[in-house]
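The values are calculated or read from the model by the stated rules, or taken from the named source; none is laboratory data. Only a predicted model underlies this, so the values are computations on that prediction, with no experimental measurement involved. Cβ placement follows ideal geometry from the backbone for every residue including glycine, while neighbour counts extend to all protein chains displayed. Areas reflect the complete protein model, heavy atoms only, side chains present, ligands, DNA and RNA absent. Shrake-Rupley method; radii C 1.70, N 1.55, O 1.52, S 1.80 Å.
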Amino acid sequence: MSELLMIEQRPGNGNGDAAHWILEGGRILPGVDDGRRMAEVRSGLVRHAGVRTEAADAAGEEVERILSALHEPAYLDALAGVSEEPVVMPELTPPGLPPDIPVTAGLVAAAREGVRTAITAAERLAGGARFTYALCRPTGHHAGPGWFAGYCYLNTAAAAVQTLCERGVKPVGILDIDLHYPNGTAAIVAPMAEASLYSLHASPVTNVASQTVAPSTEREHVVEFAGSPDAETYLDAVAGSIEALAQSSAALVVSLGYDIVEGDPHGSWRFSPAIFTEIGDLLAASQLPVCVIQEGGYALDTLAECSHAFATGLLDGVSG
């Protein structure tokens, strides 16, 4: 049986690392990113006999070095200086957008542990594992070189890409299948000649000032869906993206969001959790090593079903 190595994030500060609130659609909503998400995703993954767990163990010095390669020094200094009181920092928001989340020391600490988890998952992949899964939070793909937004403070997917490239596993293909456009990842990897990004996301793009995406390099490809796409259309786009990336990549980093399912509090699409079985199967068919980075997904009652479906497709697709 094929194996998925799940890397677990080290414990954080409990309630101190839960999201406080988020601005969405002009309204301030209670934050829904906390440890319960990870517990539900974990419970679904470990139901599959092919999933093995290990703790994140990348060295602290490695975490700091990778972060320094991805984020601006002044940005990291600003995050290091926040307290436990939630604070809004308009100067650290994406270009052209208002601040949509506060930051606290607990959230920054959790984000650093998320980066440690992503680095560890990439290290294991570089060491010979076929499939790894960084079970980390808060999400990372909206964190840019010098900004935070959308629950994201530090970019976990970019940390995995940087780690793989440094260890000689390159070029790296990035597939982002979270509901939302990865504006932070796109900005960070744009100068990385050995990284290509394919994103499939909802339109209009609420986390980009223009509300649509103009790829910044020839290595970035976007597919935007107005309304909730049907499963066949969406899976065809996923398959095409994986096929294109497989032609020029030594490994895939997958920013995996479970927020495309019906009922997600930050979502608008209507897929069932079973869509992730198909996605897992498509990734397995690529024959590439795959490092999964946990991004969005906030419907607590379906997260376990989603993650179990993904593991089933990824692992049973290989064995079949």
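Summary value for region 65-147: 34 percent relative contact order, contacts being C-alpha pairs under 8 angstrom separated by 6+ residues. For the chain, the share of accessible area belonging to carbon and sulfur comes to 51 percent (1.4 Å probe, ligands and nucleic acids excluded). Taking each DSSP H run with n ≥ 4 as -39500 (n - 2.57) and averaging over every residue of the chain yields -11000 deg cm²/dmol at 222 nm.
Here is the result for region 98-158: no trypsin sites (Lys or Arg not before Pro) lie in DSSP coil with at most 11 other C-beta atoms within 10 angstrom of their C-beta. When you restrict to C-alpha pairs under 8 Å that are six or more residues apart and normalise by the size of region 180-222, the relative contact order lands at 45 percent.
Could you tell me which residue out of 111, 156, 172 lies farthest along the dipole of region 98-178 toward its positive end? Charges go on the beta carbon: Lys and Arg +1, Asp and Glu -1, centred on the Cα centre. Of the listed residues, the answer is 172. Please report the antiparallel percentage of the DSSP beta bridges confined to region 1-132, to the nearest 5. In region 1-132, DSSP labels about 40 percent of beta bridges as antiparallel.
Among the GluC sites (Glu not before Pro) found in region 187-254, those both in a DSSP coil and sparsely packed, with 14 or fewer other Cβ atoms within 10 Å of their Cβ, are 218.
3J(HN,Hα) couplings calculated from phi for region 201-210 with the Karplus curve 6.51 cos²θ - 1.76 cosθ + 1.60 (θ = phi - 60°) are, in sequence order, 7, 6, 10, x, 8, 6, 9, 10, 4, 7 Hz; Gly and Pro show x. DSSP beta bridges confined to the chain are antiparallel in about 15 percent of cases. Across all Cα atoms of the chain, the radius of gyration (one decimal) and Dmax (whole number) stand at 17.5, 51 Å. Just to confirm my numbers, what's the Cα centroid distance between region 115-156 and region 1-69 in Å? Here the two parts' Cα centres lie 9 Å apart.
Whole-Hz Karplus values for region 260-272 come out as 8, 8, 4, x, 5, x, 10, x, 9, 8, 10, 5, 8 Hz, taken residue by residue from phi with 6.51 cos²θ - 1.76 cosθ + 1.60 and θ = phi - 60°; glycine and proline positions read x. The relative contact order of the chain comes to 20 percent, based on Cα pairs under 8 Å that sit 6 or more residues apart. Residues whose amide H comes within less than 5 Å of that of residue 4, counting only those at least five positions distant or on another chain, are 51, 52 (H built at 1.01 Å from N in the peptide plane). A Cβ-based charge dipole, computed about the Cα centre of the chain with Lys and Arg at +1 and Asp and Glu at -1, lands at about 440 debye.
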